Each structure stands twice: as C-alpha cells, then as structure tokens.
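What follows is one structure encoded as structure tokens, with my remarks underneath.
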Amino acid sequence: MKRSNFHIVFILASFFFFQACQKNAPHEANLRIGQFLMTSDEVEITLSKNNKDELNKTLPYSALTAYEKLTPGIYKVEVKRNNNLLLKKKIGIGEKGNYSLILYGIPKENQSVNVETTSKKLHSIVEGEETHSANGFLPQLKVLNDEFECAKNEAKVRWIHLAAGVSEISAKAIETDKNETTSLSTLSYPMLAKDVAFTAFDQEFKWNLKGNKISTAATSLQLKPEYLYTFFVIGNQHHYLDKLEVITGKTKKKKF
C-alpha cells in the first residue's frame, strides 16, 4: 500500500472511531447549587464519584451558582461547615437535563450527621410537594428537576418555601399593565409549587403571611418566553421574622 493511501485509511479509521465514541459517550447534565442553609458561615459542598472529587464549591448563605456540566453516574454529596460534616447523601445523575441541588434547614451546634442515600435518577427525584418533609428543620438536601415544557410565547414560574420556622406563605403574581392577579399557591415549609404558565411578561410577585394579611417579600420581573423561573423563598438573616428574601433562578428551555 502506498504511503498516501495508508494515510487516507488511517484518517478515515480515526474519524469513524471518533464518531463511534461520540455516539457512545454519555450526555452530560447541567447542575446548579443553592446554599440556603441558615448559617453565617460558608458551607463547603463536594460531589465525588469513584473516589474522585468532581465538583467542589464553598458558598455563603443565599448563593445560587450557575449551571455546571456533570457526567451521569452515582455521586456522593458531602456538606461541611467549619470542616464539620453536616450532610452526606448519594444521588444518581441521569443523562441530559437541568437540575438544582439545594441545601436548606437550620444547622445546630454539635449535631449528628444527616445521612441519606438514594439510587434514583435525578429526573425522578422531585415531581411535586409530596416528596418533601419538614424533618424538624434539620439540614436537608434536595435535587429539583428543572425540566419543563412550554409554548414559544410562554414563560413558566414556580417557587419553593425554604424559610425554616415560618408558617404558610401565599404567593401571587400581578400583571403590571392590567393589575390582573394570578394565584401561585399557598405552601408550608419546605414545599414546592407546581409551575404556572404566563403569556404576559411584565409581572410583580408578592409573598404574604397569615392568609395574605402580612406582606413579607416581593420582586418584579420582565419574564422571557421559553424560560422557567424558580423563586427560592428563604429567611432573611438580619430580619428573619419580618421579611423574607427571594432568590431567582432562571432556566432556558432545551432545544431538541
């Protein structure tokens, strides 16, 4: 075989090998982390697989990271404060998709480690309110499924009650131009509301205590079509009983 022909065969073989590897390679998922454990100390979150750290973040209270890519598999999650282990849990990350790993609750001094294990895939972990429990306000870890469907002219909105120790909270959206109101559920801690579709994008969102009598948080947004907005309603460290804080996460609809 001539040298030029050999090179051509080698290049073609390499190309087809690369294509086969691409087809067999697992599709990565996108994961973001919300640090909503009520503490003035930074919290360290480590995701490891096969005894190797794949993701490590040190976050202050109320931080919500951007999405980062992770390969599918079983991950061990460890959460530490001042080098003391607060939480240890195993989660299964499936292929593709967008997910939020959230920490919430109130850490106590010298508390025992909250250890949980699950082999479920991410997309089946959280599908509604029934999957949550208050657990005495102890530190907890949940994975939210950020996948959603909507029309081209729609945005989706949902929220989650993560203010430990606060009673039921009611939420509503008010269309700025027409003053029309849309109810967004009344939730107890730590429940997740179902998403609601909007075609009017200029909205004000309000959260109230005690049957809508006491205003506790508000935010205004110009929604974008084909996005899911998740409001994480958490305690305000400086005015915990008077005002709550709203952290907004935004997820773009996947293109297939």
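The values are calculated or read from the model by the stated rules, or taken from the named source; none is laboratory data. These numbers were taken from a predicted model, which means no experiment stands behind them. Glycine also receives a Cβ, built like all others from the backbone with ideal geometry; neighbour counts cover every protein chain displayed.
Scan region 207-226 and report the pairs whose first residue is without any contact (Cβ under 8 Å) to a residue 40 or more places away in the chain and whose second residue is surrounded by 11 or more Cβ atoms within 10 Å (Cβ to Cβ) and assigned to a loop (DSSP other than H, G, I, E, B), with Cβ atoms within less than 8 Å and a gap of 6+ or a chain change. Qualifying pairs under 8 Å: Ala217/Lys243; Gln222/Phe201. If you go through region 194-206 and keep only what is in contact (Cβ under 8 Å) with a residue 40 or more places away in the chain and hydrophobic (A, V, I, L, M, F, W, C), you end up with Val196, Ala197, Phe198, Phe201, Phe205. Scanning region 59-86 for residues that are among the polar types (S, T, N, Q), over 16 Å from Lys108 (Cβ atoms) and surrounded by fewer than 15 Cβ atoms within 10 Å (Cβ to Cβ) turns up Thr71, Asn83.
The residues in region 213-256 that are assigned to a loop (DSSP other than H, G, I, E, B), at pLDDT 95 or above and among the aliphatic types (A, V, I, L, M) can be counted, and the count is 1.
Listed by position, the strands (runs of 3 or more DSSP E) inside region 1-70 whose residues that are modelled with pLDDT of 55 or more, more than 19 Å from Ser100 (Cβ to Cβ) and in contact with a helix residue (DSSP H, G or I) (Cβ under 7 Å, 6 or more places away or on another chain) number at least 3 form an empty set.
Would you call Phe232 surrounded by fewer than 22 Cβ atoms within 10 Å (Cβ to Cβ) and not assigned by TED's automatic domain parsing to the domain that holds Tyr67?
Working: surrounded by fewer than 22 Cβ atoms within 10 Å (Cβ to Cβ): no; not assigned by TED's automatic domain parsing to the domain that holds Tyr67: yes.
Against the criterion (surrounded by fewer than 22 Cβ atoms within 10 Å (Cβ to Cβ) and not assigned by TED's automatic domain parsing to the domain that holds Tyr67), Phe232 does not qualify.
Contact map, region 79-94: first residue closer than 16 Å to Gln35 by Cβ, second residue acidic (Asp, Glu) and surrounded by fewer than 18 Cβ atoms within 10 Å (Cβ to Cβ), Cβ cut-off under 6 Å, separation 6 or more or different chains; pairs are Arg81/Asp41; Asn82/Asp41; Lys89/Glu116. When the criteria are applied in full, Lys89 fails the requirement of being within 14 Å of the chain's Cα centre (by Cα) and either assigned to a strand (DSSP E or B) or at pLDDT below 90 (or both). When residues in region 134-172 are screened for being among the aromatic types (Phe, Trp, Tyr) and touching a residue at least 60 places away in the same chain (Cβ under 8 Å), 2 of them pass.
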